[in-house]
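Data first, discussion second: the structure below is written as C-alpha cells.
The values are calculated or read from the model by the stated rules, or taken from the named source; none is laboratory data. Keep in mind the model is a prediction, meaning the values are calculated, not measured. Don't worry about glycine lacking a Cβ; one is built from the backbone with ideal geometry, like all the others, and counts go over all protein chains shown. Note: areas computed on protein heavy atoms with side chains; ligands, DNA, RNA excluded. Shrake-Rupley method; radii C 1.70, N 1.55, O 1.52, S 1.80 Å.
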Amino acid sequence: MKSLSEIYVAPSIAAAQTKAERTIEIFNGAYRRDVAAWTMDSADHEFLTKITHRRMSGRALLSNRYVHRAAQFGLIRAMADAYLQDPDQKWVWFTLTWDTAVSWEREPNVDLVSLKAIAYGHLRRTGLEGFGVIETDIWKNLVGEPGRRLVSQIHFLGTRAMGNTAKVSDMEADLRDRRALINSLGARNVVIRNVGPTVGDLTWLGQYMLKRPAFAKNPIPRIGEDGYRLIDVAHARGSVARLVEVFSHCEVGDVIFSIGSGGAIAKKVRAAVKQETSLRNGASPAPTADEVRSNWNRIRQTCGSRQFRPCRVITRASQRT
C-alpha cells in the first residue's frame, strides 16, 4: 500500500523540480550566449567555469548551478515536509519591492544586509512566521533612463500565529502605506495573496522563490492606473553574465531569512547546500571574496560591456572585512 507521501507529495516534488530544471537551463543557455565571444586567458576561463558550472566545496556561491540547484531543491522538499506536517495549515504569500532595493545594471549596488533587516522588521510586525528570499532581476530599459535597472525584491511565505485573524487586504494596505516601503517607480510595493490548499501549491512556490532569473522584466504601464505590470521577456545580451557576476559576490545564506517557525525551513535549505558544498572528490575549493573581485575586475577590462562598473554587494561577510 502506498503512503500519503508517495501518492500526493512525490509527484508534486517531481513537477516542481522539473520546472526548476527547465528554468536553470534557460538561464544557463543565456549565460553561454553572453560569454561565447569573450576573449580570456586560461586563468579567467577557469575562474568562470568554477563559479558557474563546476562542483565547489566551501563557500556556497549563488552563481554556481549546483549550489543554486541544491538550495532550490532543498526548499521544494522543505515545503512538501511542511505540508505533510500540517496539511490544513493556511499560508500567505508576500512580495515586497521598494526604492532601496533598486540600482543599475551598469553599477549594481545591492545591500543584502539592509534589505533583509527592513523586510524582517515589517514582516515580523504582521504576526506571521515563515521563510523569505531576496530575488534579483533586471528590468528592460525605461524610456529616458541611462540604462537597465537591477531590482531586488522580497518573497516571503508565511503562516499565521495562533489567534492572528488579520485580513490579507488589511495587511497589504497597512504595509503599502509605510514610508520605508515607498516605491517611486509606481510598481506595487506590496502584494499579498492567500496560498492554495494543496501540496502542489507549496512545492510550486518553493521552486519559484529560489528560481533562476531566466527572464528579464519588461515594465508595461497599467492602462487607467498608476504604475507598471511586469512581463517576462528575454534578457538583453550581457545581462545574464552581469547577474552571474552579482551572484558570485554572495552566498545562499545571504539571500534567505526566516521568522519564528520558518527557521525549520531555512535549516533544511542550508543543510541541502552544506551537503552540496562539502569536501568531495573532484570538487574545487570556491574562490575567496578577494579572488572573485580581482578576477572580475580583470575580465571586465576586455569582456562584456565597457560601461559596466564593479558590483557593490553588501553581505555580513563583507561588512566584517
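Brief remarks follow.
- Computed accessible area, CYS311, all protein chains, 1.4 angstrom probe, square angstrom: 20 Å²
- Counting only protein heavy atoms and a probe of 1.4 Å, the accessible surface of the stretch 4-319 is 51% carbon and sulfur.
- Where Cα atoms sit under 22 Å apart: lysine pairs in the chain separated by 8 or more or lying on different chains: 17
- Rounded to whole numbers, the Karplus 3J(HN,Hα) couplings from phi for the stretch 48-65 are 5, 4, 5, 6, 10, 10, 10, 5, 10, 10, x, 5, 8, 5, 5, 6, 7, 4 Hz, using 6.51 cos²θ - 1.76 cosθ + 1.60 with θ = phi - 60°, and x at Gly and Pro.
- Residue-normalised accessible area of the chain, expressed per residue, 1.4 Å probe, Å²: 48 Å²
- Shown are LYS211, LYS267, LYS19, whose ranking by accessible area with a 1.4 Å probe and every protein chain present, most to least, is LYS267, LYS19, LYS211.
- Distances between placed amide hydrogens fall under 5 Å for VAL313 paired with VAL110, all partners being 5 or more residues away or on another chain.
- Summing charges over all other residues whose Cβ lies under 12 Å from the Cβ of GLY58, with Lys and Arg as +1 and Asp and Glu as -1, gives +2.
- Nearest-10 value in Å² for the accessible area of ASP81, using the 1.4 Å probe: 70 Å²
- ³J(HN,Hα) computed for each position of the stretch 29-39 - Karplus, 6.51 cos²θ - 1.76 cosθ + 1.60, integer Hz, glycine/proline x: x, 5, 5, 4, 4, 5, 9, 4, 9, 6, 9
- Under the Karplus curve 6.51 cos²θ - 1.76 cosθ + 1.60, θ = phi - 60°, whole-Hz ³J(HN,Hα) for the stretch 116-127, x wherever Gly or Pro sits: 5, 5, 5, 4, 4, x, 6, 5, 4, 6, 6, x
- Distances between placed amide hydrogens fall under 5 Å for GLN89 paired with no residue 5 or more residues away or on another chain.
- Using the rule -39500 (n - 2.57) for each DSSP H run of four or more residues, divided by the residues of the chain, the 222 nm mean residue ellipticity is -13500 deg cm²/dmol.
- Accessible-area value, MET40, 1.4 Å probe, nucleic acids and ligands omitted, Å²: 50 Å²
- Amide H to amide H, with H built 1.01 Å from N, ARG188 comes under 5 Å of TYR228, counting only residues 5 or more places away or on other chains.
- Cut-off 13 Å between beta-carbons: net charge of the residues surrounding ARG298, Lys and Arg +1, Asp and Glu -1: -4
- Among residues other than LEU115 with Cβ under 11 Å from its Cβ, the summed charge is -2 (Lys and Arg +1, Asp and Glu -1).
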